[in-house]
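So the structure is just underneath, and the comments pick up after that.
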Amino acid sequence: MSTLFGANDAGRGDTPLRDRGQLCEIFRSGEKPSSRFGIGIEYERLPVSRQTGLAVPYAAPSGRPSVESFLETLASTRGWSAERENGRIIALERAGTRVTLEPGAQVELSGRVQKSLDDARLELTQFVREADEVAAGQGIALLGLGYHPFSDFTEIGWVPKSRYKIMGPYLATRGHLAHGMMKATAGCQINLDYSSEADAMEKLRMAMGVSSVVTALCANSPLARGQANGFASKRSHIWLHTDPDRCGLLPFAFRDGLRYDDYVDYALDVPMMFVVRESRWLDMTGRTFRGYLDGDNAGLSPTMADWELHITTLFPEVRLKAYLEVRGSDSAGPGLVLAQAALWKGLFYDQQAARGAWSLVERATMEERLAFHRDATRNGLRARLRGIEATDLAQELIVLAERGLGPSESVHLQPLRQAAFTERAAPADALMARWSSEWRRDPRRLVEALAQGV
C-alpha cells in the first residue's frame, strides 16, 4: 500500500526501541477523524503468456516476454519512476501510486489513499488500461485470478529481491504450500481507516468475523495445472498451509474489550524474518520480536523501523498497521475489485452497518469460525456457518453495505449483488462452467477472456 495511507511517519524509523509502550505508536499514528477517512486498493494479477497461459518469468532472454521488460516499458513510455535493487527494476512509482512485484513476479497495484470510490475507480482503471496495453504489446496477459491456472508454483522463478531470499527458505519450514502462496497466488486487499483505539479494535473484530463470508463470495481460484483443483478458493486454502504463526483468523480478535496491546502481544511472539541495516537485509529467523527486545538481537539495537517491518510480515486475514487491511479475497476483474472496496467501505464507515455485520457472526465459536473458513475455501458460497449458507450471509452484508454507502456509491456493489442475489454463485462457479463447456478445448480463450476482465 502506498506510504501516503495512514499517518506521516517520516523520521520515526531510526528511533531506538527502549520500552514496550513505543510499540503501539504506529497504531495510534493512524487515528484520524472520520472526515479524513479514505480507502486504498492493493490489486495483484498473474502475468501469463497469451499463447500458452503459462507463467511469464521475471527475466527472460531478449525478445521473449518478461515482467522485467514489461516494467521497463511502463517506466520509459508511461511516466513511471523506476525503483531498482542491485540494478534490477523491482517497482514503479508515479504521483504516490506504486506498482510492485510479489515473489513470483505477480504485478501489484498499490494504490494511493482515495477519498471516494469514484477516485479509486479512476486510479484503478487508468492503471489497468496502461498495464494491459503494454502487456499485450509484449504477448503478456495479466489475469485477475486467485491462483495460477496452468503453471505449477515449482515452475515459477523468483523475483530478485533480497527479502525473498530470506522469506522463501524460512516459510518453507513452516508450511508445505508456502512457496505456492508466494509464487502462484494473487489477491485483493482493501485498506481502511479508524478514528481511535476502540474504533480500530471494533473494526478489526467485525472484519475478522465476516472475512470468510467475503472469501466465499469472491472465491476465484478453481483451476490449477489446467484442471479443476477441488477448491473455490485455492488461494485461501494455500494460506491455511503457509505459516500457522502469522496467517489465518486470530482467536484473540474475537474477545471483548480489545486493545492495541493485544495485537502487540500477538506480534511480539511471531518469529521474525529480517531487519535492514545500510540497505542490507539481515536474516533474523529463529527469534521472536519479544526475544529481540529482550537481548536476543545479534548485537543490533532494535528500532521502530524494525518493528514496522516486522508487522508487515504478519499475514492474518485482517492486519493492523497505521490502517486496517482486509486480506481475504482472491484477485478478480477490476469491476469486482472495486465492488469489494465498496463492500468494505460501506461496512467500515457506517456504525450501524458495522454493528449489523458483526451481529451476523458474533455467536459463532472459534471452532465454528475455523470450520466455516475451511468450508469457504472449498465450497465458496455453498459453505455454511451454524447452518446458514454463505450466500445468505453475503446477501445480508451487501444490504448493510448499501445502506452504509448511500445511493451515490452503492452502485459500485452491483457485481457482488449479481453474484449473491441473481446468480447465487461465486466467480469460481462461473469460471468453471465456461471452462467445462468451452474454454478447456482452447485455454487461450480463457486467457483472453480473463485479460479483458470477464
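The values are calculated or read from the model by the stated rules, or taken from the named source; none is laboratory data. All values derive from a computational prediction rather than experimental measurement. Counting neighbours? That spans all protein chains shown, and the Cβs are built from the backbone with ideal geometry, glycine included. What goes into the accessible areas is simple: the full protein's heavy atoms, side chains included, and nothing from ligands, DNA or RNA. Shrake-Rupley method; radii C 1.70, N 1.55, O 1.52, S 1.80 Å.
Annotation for the stretch 247-304 versus the stretch 317-385: alpha-carbon center distance of 26 Å. With every protein chain in place and a 1.4 angstrom probe, the accessible-area ranking of SER29, SER221, SER359, largest first, reads SER359, SER29, SER221.
In the context of the full protein assembly, CYS24 retains an accessible surface of approximately 10 Å², using a probe radius of 1.4 Å and ignoring ligands and nucleic acids.
Between the amide H of LEU143 and those of LEU46, VAL48, distances stay under 5 Å, these residues lying 5 or more places away or on another chain, with hydrogens modeled in the peptide plane. At a probe radius of 1.4 angstrom, the accessible area of the chain per residue rounds to 39 square angstrom.
Of the DSSP H helices in the chain, those that are both long (alpha-carbon extent of 15 Å or more along the helix axis) and hydrophobic (Kyte-Doolittle mean at least 1.0) are 334-348. For the chain, the carbon plus sulfur part of the accessible surface works out to 47%, probe radius 1.4 Å.
When the square roots of the Cα gyration tensor eigenvalues are ordered a ≥ b ≥ c, the ratio a/c for the stretch 31-151 is 1.5 or more and a/b exceeds b/c, which makes its shape prolate. Relative contact order, whole percent, for the stretch 332-420 stands at 43, derived from Cα pairs under 8 Å and 6 or more residues apart.
When the alpha carbon gyration tensor of the stretch 35-101 is reduced to an equivalent ellipsoid, the three semi-axes, largest first, read 26, 16, 10 Å. Of the trypsin sites (Lys or Arg not before Pro) found in the stretch 370-407, the ones in coil according to DSSP and having at most 14 other Cβ atoms within 10 Å of their Cβ are ARG386.
Across the chain, the mean sequence separation of Cα contacts (distance under 8 Å, 6 or more residues apart), normalised by length, yields a relative contact order of 21 percent.
With the highest mean first, a sort of the peptides 197-203, 186-192, 388-394 on other beta-carbon atoms found within 10 angstrom per residue produces 186-192, 388-394, 197-203.
Spatially, the stretch 391-454 and the stretch 111-177 are offset by 21 Å when compared through their Cα centroids. For the residue pairs LYS32/LYS321; LYS234/LYS345; LYS165/LYS234, the alpha carbons lie more than 21 Å apart in LYS234/LYS345; LYS165/LYS234. Indicate the gyration tensor shape class of the chain (rounded, prolate or oblate), computed on the Cα atoms with a ≥ b ≥ c the square roots of the eigenvalues: a/c under 1.5 is rounded; otherwise a/b larger than b/c is prolate and the rest oblate. It is rounded, given that a/c, with a ≥ b ≥ c, falls under 1.5. Per-residue ellipticity at 222 nm computed for the chain from its helices equals -12500 deg cm²/dmol, with DSSP H segments shorter than 4 residues left out and the rest contributing -39,500 (n - 2.57). What is the stretch 111-186 by shape, rounded, prolate or oblate, if you read a ≥ b ≥ c off the alpha carbon gyration tensor as root eigenvalues and call it rounded for a/c under 1.5, prolate for a/b larger than b/c, and oblate otherwise? Prolate shape, in that a/c is at least 1.5 and a/b is the bigger ratio. When the stretch 108-199 is described by a simple charge dipole with +1 on each Lys and Arg Cβ and -1 on each Asp and Glu Cβ, the residue from TYR194, MET181, GLY137 located farthest towards its positive end is MET181.
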